[in-house]
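Single-structure report; data block below.
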Amino acid sequence: MYIQRLYLYMNMTKPSWRLYLSYARMNAQGKTIRPSYLIDMMRKLFPALQIENAVHQIAGKKDALTLLAGELREYASGREGVLSGGELRSLYRIYQGDEKYRAYAQRLKEAAFARYEHKPLVKAVANALYGAVLENSISRLERYAACAYSHFLQYGLMLKEREEYSFEPVDLGNIFHQVLESFAGKLAERNLTWFDFTDEEGDALLREALDASAAAYGETVLYSNARYEYMVERMYRILKRTIRTLRAQLREGDFVPASFEMSFSRVEELEAVNIALSGQEKMRPKGRIDRIDTCEDEGHVYVKVIDYKSGDKKFNLAALYYGLQLQLVVYMNVAAEITARKHPDKEIVPAALLYYHVSDPMIRAEEEKTPEEINQEILKELCTTGLVTEDEKVVSLLDKNFVDKSLVIPVERKKDGTFSVRSSVMAREDYETVSKFVSHKIRQLGVEILSGNIAVSPCKQGTIQSCTYCAFKGVCDFEERIPGYHMRLLGGGTRDDLLVKMRQELEENGPEDKEPENKEQEK
């Protein structure tokens with residue numbers, strides 16, 4: 001250590017005129033670093049020494065690219081960086097004169113001065129791309145509402161990720177739907193209903209349905225390794241819990257299943273899915289309803305729609321307002337219209353629009369519980385979510401044993417017998433407003449699609465951001481710091497506020513949402 005100090009002393013005493021000492025305030029990564037002990041020692045020996053910040057940064061060409069990138073970004077934004085304009089130009093010319101770094105510096109400049117400008121498709125191109133009759137699934141419309149450019153890439157250019165021989169979370173939902181449809185069919189083949197099959201019969205039929213679906217899915221990927229074979233057993237456990245819970249929920253009410261996996265894609269006569277966009281352009285939404293339950297009395301047919309979800313999805317009226325959650329209402333509109341055709345002499349009443357989370361939840365308890373108590377806790381966890389018509393008769397038909405808190409539908413009572421604020425209920429006239437608004441929203445989205453709008457316009461509502469699971473993040477290059485790009489922040493609001501907004505929008509756009517009765521009116 002002393003020898004090293006001696007060498008330092010000898011070097012510092014060699015100059016005959018001036019001695020310059022320099023030290024860095026930060027490292028190449030921008031982190032603050034402490035100067036050598038020698039600096040402090042010199043300041044103690046010579047208190048009158050003045051430290052000058054003569055040099056901003058010393059770096060080689062490779063390391064200085066980071067400085068160049070940051071300074072270009074600041075300059076492009078109109079802000080003052082560490083370097084003056086002349087210094088920045090000098091630095092950039094250094095790289096321009098070096099063949100090794102010239103192309104890289106050019107790309108940095110282009111990135112720094114990049115601007116996003118929406119260039120919509122010409123209407124004729126949009127028509128050629130999508131057709132005059134726009135056949136959209138509801139999820140496709142929801143994708144457009146989330147980001148027009150993502151919709152264009154997936155459904156206009158038909159881009160998709162390279163297929164891999166694997167089993168992903170989205171495949172899990174597909175298997176669940178297939179097996180539940182097959183299970184319902186097997187019940188019908190054996191003249192059984194959802195009310196009278198035993199646990200043993202249900203387990204056996206479920207195993208048949210699951211084995212058949214697993215063997216046919218994805219070129220037998222589910223039997224390609226031990227991990228996927230375990231996945232099959234896990235799905236069996238989840239689906240076994242599902243069919244028992246669905247049976248228990250049906251037994252609590254007076255509704256009976258009327259149809260499973262009902263496709264309305266080819267039913268052209270339905271008003272709910274045959275929407276005129278202009279004189280020549282139409283939209284025909286398509287889809288498949290997982291389950292429709294009905295209940296009849298002398299003058300009414302009550303309709304319940306259930307959508308199976310592998311994720312824990314909640315009904316959100318604000319998301320519906322922005323077009324991000326249209327599915328359940330469209331399904332109810334279709335189910336109500338089809339039911340009305342079967343029962344032209346009765347009034348059709350939308351009773352409930354529900355999500356069922358296909359899951360087998362774990363129950364945590366501080367003390368030991370009996371099997372019956374555990375089963376009740378599981379039923380609580382698997383209670384459906386969605387929207388229920390605010391009517392005592394409807395609620396009693398959905399859950400005839402309901403007292404304080406239903407295990408079947410998202411409804412609770414207060415001590416005075418009225419529905420609590422945690423209940424997901426809506427008056428029938430309010431639901432009619434929501435139903436009309438969804439039809440208006442679908443028409444609005446369809447007009448925008450055929451007008452050629454392909455803007456990079458992702459959105460964020462609460463903690464949910466449309467870019468999070470988007471497969472095209474590497475294509476659009478969305479970056480909020482680039483001028484022209486912006487994230488749409490979607491608000492929330494109370495149910496009453498959102499209903500007011502819907503009514504106002506329907507009133508403002510009322511004439512556009514009605515087809516002309518004759519040519520004179522059209523003129």
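Any read-out appearing in this document is the output of simple, stated calculations on the displayed coordinates, not a laboratory observation. Just so you know, these numbers come straight off a predicted model, no measurement behind them. As a convention, Cβ positions derive from the backbone with ideal geometry for all residues, glycine included, and neighbour counts pool all protein chains shown.
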- Query: Out of the DSSP beta bridges found with both residues in the chain, what percent are antiparallel (nearest 5)?
  - Reply: 60
- Which aspartates and glutamates does LYS109 reach when only Cα atoms under 20 Å apart count, and residues fewer than 8 places away in its own chain are ignored? ASP63, GLU71, GLU74, GLU80, GLU87, ASP98, GLU99, GLU117, ASP477, GLU479, GLU480
- Query: Calculated from the structure, semi-axes √(5λ) of the Cα gyration tensor in Å equals which of (1) 38, 29, 21; (2) 61, 33, 24; (3) 68, 24, 23?
  - Reply: (2)
- Message: Longer than 26 Å from Cα to Cα, which of LYS473/LYS501; LYS313/LYS473; LYS119/LYS473; LYS313/LYS415 are they? Say none if no pair is.
- Response: LYS473/LYS501; LYS313/LYS415
- Just grab the label-to-label distance for GLU372 and GLU200, each label 7 Å out from Cα along the Cβ direction, in nm (one decimal). 2.3
- Task: Compute the distribution of all C-alpha to C-alpha distances in the range 84-234, in bins of 5 Å from 0, and list the percent of pairs in each, rounded to whole numbers.
- Result: 2, 7, 10, 10, 8, 8, 9, 9, 9, 8, 5, 4, 3, 2, 2, 2, 1, 0
- Note on the structure: Most packed first (mean Cβ within 10 Å per residue), the peptides 449-457, 486-494 order as 449-457, 486-494
- Taking the chain and dividing mean pair separation by its residue count, relative contact order in percent (alpha carbons under 8 Å, at least six apart): 16
- Cβ crowding within 10 Å averaged over residues, with 476-484, 289-297 ranked highest first: 289-297, 476-484
- Task: Report the calculated FRET efficiency for ARG5 and ASP98 (r = Cβ-Cβ distance, R0 = 41 Å), to the nearest 0.05.
- Result: 0.50
- For the chain, whose charge dipole is built from +1 on Lys and Arg Cβ atoms and -1 on Asp and Glu Cβ atoms, the candidate among ALA132, TYR155, PHE197 with its Cα farthest towards the positive end is TYR155
- Label 7 Å along Cα→Cβ of ASN316; the range 489-505 residues with amide nitrogen under 16 Å? 489-495, 498
- C-alpha center-to-center spacing [the range 213-234, the range 146-179] in angstrom: 19
- Message: Modelling each spin label as a point 7 Å along the Cα-to-Cβ direction, I'd like the THR193/TYR469 distance in nm, to one decimal.
- Response: 3.6
- Item | Largest-first principal axis extents of the Cα set of the range 202-290 (Å) | 57, 40, 16
- Query: Considering only DSSP states other than H, G, I, E and B, which chymotrypsin sites (Phe, Trp or Tyr not before Pro) in the range 113-185 qualify as loop sites with at most 12 other Cβ atoms within 10 Å?
  - Reply: TYR165
- Item | Filtered chymotrypsin sites (Phe, Trp or Tyr not before Pro), the range 6-54: DSSP coil and at most 15 other beta carbons within 10 Å | TRP17, TYR20, TYR23
- Please get the size of the charge dipole for the range 140-252, origin at its Cα centre, with Cβ charges of +1 on Lys and Arg and -1 on Asp and Glu, quoted in debye to the nearest 20. 340
- Looking at the square roots a ≥ b ≥ c of the eigenvalues of the Cα gyration tensor of the range 2-112, which shape do they give, rounded for a/c under 1.5, prolate if a/b is larger than b/c, or oblate? prolate
- Residue farthest toward the positive end of the dipole of the chain, with Cβ of Lys/Arg at +1 and Asp/Glu at -1: which of ALA188, SER420, LEU6? LEU6
- Task: Calculate the length of the line joining the C-alpha centroid of the range 299-361 to that of the range 412-432, in whole Å.
- Result: 17
- Note on the structure: To the nearest 20 debye, the chain has a Cα-centred charge dipole, built from +1 on Lys and Arg Cβ and -1 on Asp and Glu Cβ, of 3800
- Query: Taking amide hydrogens as modeled 1.01 Å from N in the peptide plane, which residues meet the under 5 Å criterion relative to ALA258, leaving out close sequence neighbours?
  - Reply: ILE292, ASP293, THR294
